[in-house]
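A.B. asks: Can you keep this structure in mind? I'll have questions shortly.
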Amino acid sequence: MVATFQVAIALGAVFGGLLVDHTGVASAFAYCGAATLLAAIVVFLRGPKQAE
């Protein structure tokens, strides 16, 4: 499990660096905002349901 986190950190750094190099710093913030919004929607839709 630790290896999974290490790979995710490494890939995030590589992807973020490529994104900033090719499209600028603002695109990194836009990507983070879009990814956070997508994650919130997935959690809202797939999260635990309340019992009645």
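Only the coordinates and a few stated rules stand behind these numbers; no lab work does. As the structure is a computational prediction, the values presented were derived from the model and not from experiment. Glycine gets a Cβ as well: all are built from the backbone with ideal geometry, and neighbour counts include every protein chain shown.
A.B. asks: Name the residue, out of A34, A26, that is in a helix (DSSP H, G or I) and surrounded by 10 or more Cβ atoms within 10 Å (Cβ to Cβ).
C.D. replies: A34
A.B. asks: Please find, among Q50, Q6, the residue that is polar (S, T, N, Q) and in a loop (DSSP other than H, G, I, E, B).
C.D. replies: Criteria check complete, one pass: Q50.
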